[in-house]
Structures are given as structure tokens and as C-alpha cells.
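The values are calculated or read from the model by the stated rules, or taken from the named source; none is laboratory data. Here the structure is a predicted model, which means the values were calculated and not measured. All Cβ positions, glycine included, derive from the backbone under ideal geometry; neighbour counts span all protein chains shown. SASA here: full protein model, heavy atoms, side chains in, ligands and nucleic acids out. Shrake-Rupley method; radii C 1.70, N 1.55, O 1.52, S 1.80 Å.
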Amino acid sequence: QLESAWASLELPTNKLTAVDNALVKNTSDLDSPQQVDYSQLQYLLAAGKWQEADRETETVMIKVSGREQDGWLSEEDLDVFPCEDLRIIDQLWVKYSNGHFGFSVQRQIWENIEGTNKEEDLEVWKKFGDEVGWRINDSWVGYRNLDFSLNAPLGHLPEWVFVSGFVGGGFFGSGLFSRLESCQE
């Protein structure tokens, strides 16, 4: 039954690039090559339980990477994160938020920030944090102050608190976005 539900998936194209739409449509179901169960994430997203879904995203990504004992991911983990699992997670977020949240939404925002293709530096990440609402009034907001609703800025969720390499609350490096790009090839 999940397979037929995914086959009829229609996403709003006004918020995603053609490349991101292809990434989303490449996953027809929730079958993870890593044998990770995504039904709880799907349930939480469908119910609009954004904070719980954010935490479940952390849980499943750490599980996929085999980093349960560490409780976090490194940029190197993101470099080799299984494409199919990344697609499933992103597709769920994009579908249930109606294109408002998801890694591909964040990637599009990242790519639209001037200078992101040249040099990764803290100033670029500050701009990204400002765009997605992780920074307010020149300060990183911290996890407990995020907006876990559809009133949040575009791309606000999922937050990456489980990835090492944060500087002042913002991820310093575009490993996740690079992985999204390599997975579409």
C-alpha cells in the first residue's frame, strides 16, 4: 500500500528545482537498503509533529550510518551516506511539509546564497542560518528556540544538531548538500 501511495506523490514544483524533483521522485517506497524502518518518521511528519520528526530524523540518520554509540555524524559520514536513505528522508520531509521543509529545500536555499559555490566560510553559513531562521538578530537561536511549525521560514527543518562540525550553532561545511548533489548523478 505504501508503494501505491508513493506512486501518486505530487510535490509542489514551485519550491523545488527540476533536479530536486528528480531526486524526490527516484524513491518509490520506504524500503531502505540499510534495513532502517522509516514508518515512525512518516507517521510523525504526516501528523505534523515537526519536533518529534526532527528528532526521529536524527535517530534514523545515525542508525543508517552505524553511529548509534557516538550519537552524531561527522562530515565524512555525510560524504558516504547511502543515497537511497537520503532520498527517503528528504522525500518524506518534502511531501508532508508540502515543500516547506527538507534537505533539498535547504540545498536550494544554500545554492541561492551568493558565494556558496566559491568558498565555504562562516559568513556564508551565517547567511544560510539567517535565511532558514536558525539565526535571529545576528545570533544562533539554539535548538529549543526553533519554530516547529509551518510558520517557520522555508527550509527551517530538519535541523542538523546531530552533525559534528557546528560553529556557533550553524554547520560549517556543505557535506550534506554535496551528498545530495552526488546522489542525483
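Ignoring ligands, DNA and RNA, please state the percent of accessible area on segment 66-148 from carbon and sulfur, probe 1.4 Å. Walk me through the numbers before you get to the answer.
Numbers: 1570 of 4030 Å².
The C+S portion of the solvent-accessible surface of segment 66-148 is 39 percent.
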Calculate, in nm to one decimal, what ASN151 and LEU122 gain on full extension: separation in residues at 0.36 nm each, minus their alpha carbon distance.
7.8 nm
Relative packing of peptides 64-71, 105-112 - highest average C-beta neighbours within 10 Å first:
105-112, 64-71
Probe 1.4 Å, accessible area per residue of segment 28-149, Å²
48
Taking the simple approach of a point 7 Å from Cα along Cα-to-Cβ for both GLN40 and VAL80, what is their distance in nm?
2.6
